[in-house]
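Here, each number is a calculation from the coordinates, and none is a lab measurement. Small disclaimer: the values here were computed from a predicted structure and weren't measured. Here the Cβ positions follow ideal geometry from the backbone for every residue, glycine too, while neighbour counts run over all protein chains shown.
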Amino acid sequence: MKAAVIVFPGSNCDRDCKTAIERTTGAAVDLVWHGETVLPAGLDLIVLPGGFAYGDYLRCGAMASLSPVMTEVKAAADRGVAVAGICNGFQVLCEARMLPGALLRNAGLKYVCETVDLEVVNAQTRFTAGYRDRREARMTIGHGEGNYFAEDETLERLEGEGQVVFRYRKNPNGSARDIAGIVNERGNVIGLMPHPDRAFEEELGSADGAVFFQSVLASA
């Protein structure tokens with residue numbers, strides 16, 4: 001198994017993701033700089049990590065979505081490679097139009113950093129199959145722009161097609177329909193605001209994030 005974590009100027013969870021994947025799955029993980037135009041061969045998973053890519057100037061994720069490496073990320077996704085955008089990575093995926101909707105300022109206009117309880121809405125995706133009959137997971141969040149927004153028509157489609165994967169038990173940011181994570185129609189691209197990379201060992205307060213990484217690499 002092999003994974004790559006994309007590193008943008010301002011990423012601060014790239015090494016967290018690398019460590020989480022290595023410890024929970026044993027996969028080899030490469031850190032790939034945003035200016036690269038070629039990805040490592042044979043990838044099973046690409047992760048866009050949390051942080052503040054390009055300082056979150058213009059809009060969160062907007063500048064990162066135009067980085068040279070994103071052309072290859074999109075091409076890999078089109079081939080069926082699993083792509084996960086965590087926190088800032090979710091914002092990048094929306095700006096790159098790899099996922100619908102947008103992440104807006106939190107409803108309270110304040111940065112939130114806390115542990116959240118999640119409902120596993122769809123446990124039949126490549127990213128959640130390991131949860132099996134479990135319907136709850138605990139992870140942490142840390143963001144100022146995690147308020148997921150989409151038009152009603154899009155929200156209805158996401159709900160109807162099983163593309164809502166995680167939902168907040170107690171909404172911390174105003175996200176439409178308490179949405180915390182979604183997948184694309186094909187099911188190989190996911191965006192989520194909670195951090196599985198900060199919840200992969202019990203010593204961190206929860207090991208529920210380990211299941212996320214184990215699920216997607218087990219399906220490779």
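Table for the structure above
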{"item": "Residues located in segment 78-120, provided they are over 14 Å from the mean Cα position of the chain (by Cα) and either among the polar types (S, T, N, Q) or under 15 Å from Ile46 (Cα atoms) (or both)", "result": "Asp78, Arg79, Gly80, Val81, Asn106, Thr115"}
{"item": "Number of the exception - Val69 against (1) touching a His at 6+ places or on another chain (Cβ under 6 Å); (2) within 22 Å of Gly205 (Cα to Cα); (3) β-branched (Val, Ile, Thr)", "result": "(2)"}
{"item": "Answer residue from segment 90-120, given it is in contact (Cβ under 8 Å) with a residue 40 or more places away in the chain and part of a loop (DSSP other than H, G, I, E, B) and is surrounded by the fewest Cβ atoms within 10 Å (Cβ to Cβ) among those", "result": "Gly108"}
{"item": "Positions within segment 55-85 being part of a loop (DSSP other than H, G, I, E, B), within 15 Å of Leu99 (Cα to Cα) and without any contact (Cβ under 8 Å) to a residue 40 or more places away in the chain, in sequence order", "result": "Ala62"}
{"item": "Residue list for segment 28-43, filter: within 18 Å of the chain's Cα centre (by Cα), surrounded by fewer than 18 Cβ atoms within 10 Å (Cβ to Cβ) and over 23 Å from Glu95 (Cβ atoms)", "result": "Asp30"}
{"item": "Residue count, segment 172-194 (criterion: assigned to a loop (DSSP other than H, G, I, E, B) and in contact (Cβ under 8 Å) with a residue 40 or more places away in the chain)", "result": "9"}
{"item": "Tally, over segment 144-189, of residues that are under 22 Å from Gly130 (Cβ atoms) and among the hydroxyl-bearing types (Ser, Thr, Tyr)", "result": "1"}
{"item": "Segment 189-207: number of residues that are surrounded by 22 or more Cβ atoms within 10 Å (Cβ to Cβ) and of a type in the set (D, E, K, R)", "result": "2"}
{"item": "Every residue from segment 1-24 that is over 17 Å from the mean Cα position of the chain (by Cα) and surrounded by 22 or more Cβ atoms within 10 Å (Cβ to Cβ)", "result": "none"}
